[in-house]
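A short write-up of the structure that comes next.
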């Protein structure tokens, strides 16, 4: 092997080592702010997107801890306008009805069932006239003749016999909206359930 060939091999080898070293350093320098940003966002907002959503199996008790329904509803209202997307819990993409509820409760580290039908036997049933902010309101799917839960929302307010709820609708609004509990939804109504402690409703 000639002198020039050996020199070329040595230069190539050194260049490769230098490339790897500087690439690694550049990677570390560039990635650190990204990692810190992601960590901060996860801590402050939604670590659930780095991990699986916190869900319960049907019939398990929802433990709301120290979370106040008013606090939960403030966050829920901040999501108004997020589009409807079937089987999704990601606000960057969209929600289905139970995906919206899952996301809102998970934001406060509260595990809930993932599908609307799995809320059927959860919580304490409440007469809708006595429903309060933070209660969950359950409906049939769009076919109201099938009396199983297929849609849901969170009660926003219930004053002067006028109930409003917030939900992710697949209808004309196509996303997170506030809706009045009127004729159409009364025809699909199944029940209201209470998952927060009674002290919040006295």
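Remarks
- Failed condition for residue 80, given (1) touching a strand residue (DSSP E or B) at 6+ places or on another chain (Cβ under 6 Å); (2) in a loop (DSSP other than H, G, I, E, B); (3) over 19 Å from residue 176 (Cα atoms): (3)
- Note on segment 97-200: enclosed strands (runs of 3 or more DSSP E) holding 3 or more residues that are under 14 Å from residue 76 (Cβ atoms) and either over 19 Å from the mean Cα position of the chain (by Cα) or in the same structural domain as residue 82 (by TED's automatic domain parsing) (or both) are 149-159, 162-169, 175-180.
- Condition check for residue 83: surrounded by fewer than 17 Cβ atoms within 10 Å (Cβ to Cβ), assigned by TED's automatic domain parsing to the domain that holds residue 182, farther than 25 Å from residue 158 by Cα and at pLDDT 95 or above: yes
- Positions within segment 153-202 being modelled with pLDDT under 95 and at positive phi, in sequence order: 160, 161, 174
- Among all positions in segment 122-140, there is at least one residue which is farther than 21 Å from residue 198 by Cα and either in contact (Cβ under 8 Å) with a residue 12 or more places away in the chain or crowded, with 18+ Cβ neighbours inside 10 Å (or both).
- Here segment 161-181 is the region considered, the condition is being within 14 Å of residue 94 (Cβ to Cβ) and touching a strand residue (DSSP E or B) at 6+ places or on another chain (Cβ under 6 Å), and the residue that is surrounded by the fewest Cβ atoms within 10 Å (Cβ to Cβ) is 174.
The values are calculated or read from the model by the stated rules, or taken from the named source; none is laboratory data. Note that the structure is predicted; figures quoted are calculated from it, not measured. Note that each Cβ is placed from the backbone with ideal geometry, even for glycine, and that neighbours are counted across all protein chains shown.
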